[in-house]
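Have a look at the structure below, then the notes.
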Amino acid sequence: MIDYLKGLNDKQREAVLHKDGPLMIVAGAGSGKTKVLTTRIAHLMASGVDAFNILALTFTNKAAKEMKERIEHILGNSDARNLYIGTFHSVFARILRSEAHRLGYPNNFTIYDTDDAKSVVKAVINEMNLDDKTYKPSNIYNRISSAKNALVGPIEYANDYGLQQEDLRSNRPATAQIYDAYVKRCFKNGAMDFDDLLLKFYELLKHFPEALSKYQHKFKYILIDEYQDTNPAQYEVIKLLGAMHENVCVVGDDAQSIYGFRGATIENILQFQKDYEDAHVVKLEQNYRSTQSILNAANEVIKNNKGQIPKDLWTENSEGEKIRLVRTMTDNDEGKYVADTIQEQKLRNHYSNKDFAILYRTNSQSRAFEEALRRMGIAYTMYGGTSFYSRKEIKDFVAYLRIIVNPKDEEALKRIINYPARGIGKTTIDRALLVANNQNISMWEVLEQAQIFGFKSNTLEAIDGFVTMIKSFSSMLKNQNASDVAVHVGKQTNLVKELFNDKSTEGVARYENIQELLNSIKEWVESPDVDETGEVTDKGLGAYLQQITLLTDADDKDPNADTVKLMTIHAAKGLEFSCVFAVGLEEMLFPNAMSINSKEELEEERRLFYVVVTRAKARLWVTYANTRYRFGQLVQNEPSRFIDELPDQYLDRSFAGGGARNQGSGWGSGGNSAYDRMHRGGGGGWSGGNSAKDAEKLYGPPPSKKPAVPSYVTPKPATPKVVEHKPSE
Ligand code: ATP
Ligand code: MG
């Protein structure tokens with residue numbers, strides 16, 4: 001066993017060694033919170049606590065996996081695989097698989113992803129004859145989601161004066177009714193959405209004392225990373241689960257709370273000490289991640305927020321390079337600048353691709369960076385793009401698998417009932433849905449008994465063929481493994497053949513994707529784990545589907561690949577990189593246009609800025625563009641107010657025309673486009689690396705004079721109509 005206490009500072013050691021009773025670790029970025037949590041689990045296990053009795057909740061499944069590996073490494077055995085460790089959603093889903101029947105759900109319930117859920121909301125809105133422009137499904141879905149995360153059910157929602165006023169103000173008085181119908185529909189379909197995984201688990205603990213007692217006994221130790229981003233539903237669940245042993249250890253940083261828009265509340269941190277009066281509190285103040293320049297700048301920025309728990313974060317690390325502030329002419333120039341700089345840094349300082357991260361406020365900013373990196377031949381991984389599992393062909397295939405596991409799953413059924421075409425047209429589908437709603441049964445049950453509902457005879461034949469086929473697949477599941485069933489489904493439905501015959505480039509790619517899916521099912525089946533009873537864990541199709549639905553975007557990518565990482569700041573929580581580009585530091589973008597009118601939201605944006613700055617270990621670039629295309633329009637934004645909050649002494653402004661905000665954002669004032677920079681060359685050794693000639697190839701010939709504002713530039717900053725407010729999930 002590795003001496004896991006060696007190298008920890010006194011405070012870290014104190015937190016690791018604290019054995020029983022509530023423990024809260026509040027500490028700034030990079031102070032070893034996650035390291036302490038991991039070491040603490042290893043310590044508990046080394047002191048004889050059974051892994052089966054430890055519940056650890058992390059921000060991503062990938063983080064959980066890394067923690068497990070680290071613990072195995074420390075302990076020199078593989079006991080850690082028996083830990084209940086993962087995101088709130090994945091751990092609770094796993095438990096609900098064996099408990100859902102108590103709540104009236106089938107244990108093989110389907111998990112609806114956000115697309116499925118929105119589609120149900122949309123269907124409900126249409127059935128209620130409401131206008132889906134007023135009642136935009138995604139808005140309504142967000143409201144429902146917020147309500148669920150605040151443990152507000154449809155009845156409470158309908159009775160809440162404040163919520164009703166808000167709906168009236170936005171001219172959507174029927175929201176409560178939609179919520180109610182949505183919940184009923186999901187229940188009828190045997191489906192839970194993401195929020196239900198928390199809510200239903202909470203209801204299970206709340207209303208079934210037997211279940212509560214079972215899990216209270218089981219989870220003798222509970223540990224939670226990133227506690228500042230828990231929402232009320234998560235908070236209540238932990239309170240219930242931890243009530244028996246009170247061995248609850250939470251780790252967080254109020255300055256990094258960035259999910260307020262999704263209902264997370266830092267109140268949970270403050271509340272912890274009220275809930276557990278004898279809670280032991282440990283503060284970690286030494287940062288091991290960043291240079292002094294980066295850390296000090298971050299500390300100064302966050303001081304502008306009121307209402308923070310005071311922390312004094314310091315580091316023994318070297319002073320390091322100053323933060324480079326970079327101004328470019330356009331968003332494309334910003335992309336080129338970043339790609340050029342990565343190339344140059346790799347040569348100059350021997351970095352590899354994986355040492356770099358480009359972190360932005362919204363996913364839509366990725367394009368310029370992707371293009372530039374591709375052009376330079378720099379390998380990158382983008383998080384938050386279209387993931388493998390959201391591709392159409394994969395969703396179609398997976399819909400078949402879902403139906404086999406849970407035939408009540410209406411979303412899956414609608415998707416494939418006539419794909420590939422089998423003569424069940426829209427009229428028939430609409431009719432089946434109508435009957436299902438009138439009779440309050442599932443669409444599948446309507447199809448099963450189609451003859452009594454008066455469908456035409458040729459339609460009946462098609463329906464019968466479909467039902468028989470799905471039933472034959474379901475019965476296969478009883479004695480064949482998930483992989484064999486999936487291969488069989490591919491053949492019988494002609495799905496694979498259809499794609500195989502499509503020889504277009506897209507068709508070939510789609511065929512390969514299906515093969516990849518089949519491979520992944522096979523791998524899953526062939527990699528059995530054992531659970532606490534020594535049984536091989538559930539390798540059924542249902543468990544497979546659950547796992548892929550709950551994969552967060554970060555989970556299906558290899559973090560060790562030698563690629564530049566592109567992601568939103570939200571997704572970068574908890575991560576660290578040698579070199580970070582914090583890009584798009586412009587008013588309306590960051591801080592986001594949606595957030596500048598309220599103090600609370602602005603403070604959340606500032607915390608987001610604190611998060612991005614503190615991801616960097618050695619070098620940080622903060623970039624902004626004079627103009628960029630947003631929503632199909634060229635807009636001109638002021639540099640972000642957050643730039644002004646970075647103290648001058650830690651800042652190298654020589655790439656921003658000597659000033660940021662105060663300097664004005666006019667085209668003529670600075671002459672600091674990527675173009676100009678490349679032509680000046682040299683300049684402190686950072687912008688060099690490309691000759692003027694190379695630059696000309698990239699950016700065209702130099703202008704003879706400072707450019708006037710081109711006619712296509714919108715003279716005043718345009719206020720974007722729609723602004724992406726949520727990070728992708
Ligand atoms: P964040 O707030 O970003 O989640 P954190 O507080 O969880 O950060 P960690 O990620 O655990 O911090 O640690 C930051 C870095 O510091 C890691 O590379 C970690 O290995 C290192 N580190 C932490 N404690 C020590 C220590 N005592 N000695 C050496 N390195 C340490
Ligand atoms: Mg951490």
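Identify all residues within the stretch 34-48 that are in contact (Cβ under 8 Å) with a residue 40 or more places away in the chain and either under 11 Å from Y4 (Cβ atoms) or away from ligand 1 (no atom under 13 Å from the Cβ) (or both); write none if there are none. Matches in the stretch 34-48: V36, R40, I41, L44, A46. Listed by first and then second residue, the pairs with beta-carbon distance under 7 Å, at least 6 apart or on different chains, first residue in the stretch 56-75 and buried (at least 18 other Cβ atoms within 10 Å of the Cβ) and modelled with pLDDT of 90 or more, second assigned to a helix (DSSP H, G or I) and among the hydroxyl-bearing types (S, T, Y), are M67/T38; R70/T38; I71/T38. Summed over the stretch 218-266, residues that are in a helix (DSSP H, G or I), within 16 Å of ligand 1 (Cβ to nearest atom) and of a type in the set (F, W, Y) total 1.
Assessment of the stretch 564-577 against the conditions (of a type in the set (S, T, Y) and out of contact with any Pro (no Cβ under 6 Å at 6 or more places or on another chain)) yields no matching residue. Selection over the stretch 6-15 of residues that are touching a residue at least 12 places away in the same chain (Cβ under 8 Å) and either near ligand 1 (Cβ under 6 Å from one of its atoms) or more than 20 Å from E66 (Cβ to Cβ) (or both) gives a count of 5. For the stretch 20-64, a residue qualifies if it is within 13 Å of ligand 2 (Cβ to nearest atom) and among the hydroxyl-bearing types (S, T, Y), and the qualifying residues are S31, T34, T38, T39, T58, T60.
The residue pairs whose first member lies in the stretch 223-240 and is under 24 Å from H43 (Cβ atoms), whose second member is more than 16 Å from ligand 1 (Cβ to nearest atom) and among the aliphatic types (A, V, I, L, M), and whose beta carbons are closer than 7 Å, counting only pairs six or more residues apart or on different chains, are I224/I238; I238/I222; I238/V248.
Might you check whether a residue that is free of Cβ contacts under 8 Å to residues at least 24 places away in the same chain and under 27 Å from the mean Cα position of the chain (by Cα) occurs anywhere in the stretch 16-31? No, the stretch 16-31 contains no residue that is free of Cβ contacts under 8 Å to residues at least 24 places away in the same chain and under 27 Å from the mean Cα position of the chain (by Cα). Scanning for something among the charged types (D, E, K, R), touching a strand residue (DSSP E or B) at 6+ places or on another chain (Cβ under 8 Å) and within 27 Å of K118 (Cβ to Cβ), does the stretch 413-433 turn up at least one residue? No, because not a single residue in the stretch 413-433 is among the charged types (D, E, K, R), touching a strand residue (DSSP E or B) at 6+ places or on another chain (Cβ under 8 Å) and within 27 Å of K118 (Cβ to Cβ). All conditions but one from (1) closer than 23 Å to S654 by Cα; (2) surrounded by fewer than 24 Cβ atoms within 10 Å (Cβ to Cβ); (3) of a type in the set (A, V, I, L, M, F, W, C); (4) within 16 Å of ligand 2 (Cβ to nearest atom) apply to L313; the one that does not is (1). H217 meets all of the listed conditions (1) more than 25 Å from Q546 (Cα to Cα); (2) surrounded by fewer than 15 Cβ atoms within 10 Å (Cβ to Cβ); (3) at pLDDT below 95 but one, namely (3). Keeping to the stretch 350-374, report how many residues are farther than 26 Å from E587 by Cβ and part of a helix (DSSP H, G or I). Within the stretch 350-374, residues that are farther than 26 Å from E587 by Cβ and part of a helix (DSSP H, G or I) number 5.
Conditions tested, residue by residue: (1) within 29 Å of the chain's Cα centre (by Cα); (2) without any contact (Cβ under 8 Å) to a residue 60 or more places away in the chain; (3) part of a loop (DSSP other than H, G, I, E, B).
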| site | (1), (2), (3) |
| --- | --- |
| D167 | yes, yes, no |
| F187 | yes, no, no |
| L197 | yes, no, no |
| A211 | no, no, no |
| K214 | no, yes, no |
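Scanning the stretch 299-356 for residues that are hydroxyl-bearing (S, T, Y) and either within 30 Å of T265 (Cβ to Cβ) or touching a residue at least 60 places away in the same chain (Cβ under 8 Å) (or both) yields T315, T328, T330, Y337, T341, Y351, S352.
Residues checked against (1) touching a residue at least 12 places away in the same chain (Cβ under 8 Å); (2) within 33 Å of the chain's Cα centre (by Cα):
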position: L477; (1), (2): yes, yes
position: N481; (1), (2): yes, yes
position: D484; (1), (2): no, yes
position: V487; (1), (2): yes, yes
position: V496; (1), (2): yes, yes
position: L499; (1), (2): yes, yes
position: D502; (1), (2): no, no
position: V508; (1), (2): no, yes
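Test A191 against the criterion of being under 30 Å from the mean Cα position of the chain (by Cα), at pLDDT 95 or above and small (G, A, S), and give yes or no. Taking the combined requirement at face value, the residue satisfies it.
Within the stretch 79-99, is even one residue crowded, with 21+ Cβ neighbours inside 10 Å and within 14 Å of ligand 2 (Cβ to nearest atom)? So far as the stretch 79-99 goes, no, none of its residues is crowded, with 21+ Cβ neighbours inside 10 Å and within 14 Å of ligand 2 (Cβ to nearest atom). Under the condition of being part of a loop (DSSP other than H, G, I, E, B) and within 28 Å of the chain's Cα centre (by Cα), the residues counted in the stretch 292-310 number 7. For first residues located in the stretch 567-578 and over 17 Å from Y380 (Cβ atoms), partners that are polar (S, T, N, Q) and within 11 Å of ligand 1 (Cβ to nearest atom) and lie 6+ apart or on another chain with Cβ distances below 8 Å form the pairs K573/Q256; G574/T34. For P173, the criteria (1) part of a helix (DSSP H, G or I); (2) within 18 Å of E127 (Cβ to Cβ) hold in every case but one, which is (1).
For S442, the stated conditions hold: it is touching an Asp or Glu at 6+ places or on another chain (Cβ under 7 Å), polar (S, T, N, Q) and surrounded by 14 or more Cβ atoms within 10 Å (Cβ to Cβ).
Give me the residue from the stretch 364-380 that is buried (at least 20 other Cβ atoms within 10 Å of the Cβ) and of a type outside the set (S, T, Y) and, out of that set, nearest to the chain's Cα centre (by Cα). Checked the stretch 364-380; the qualifying residue nearest to the chain's Cα centre (by Cα) is Q365.
The values are calculated or read from the model by the stated rules, or taken from the named source; none is laboratory data. Everything numeric here is computed off the predicted structure, so don't read it as measured data. All Cβ positions, even for glycine, are placed from backbone atoms using ideal geometry, and neighbour counts span all protein chains on display.
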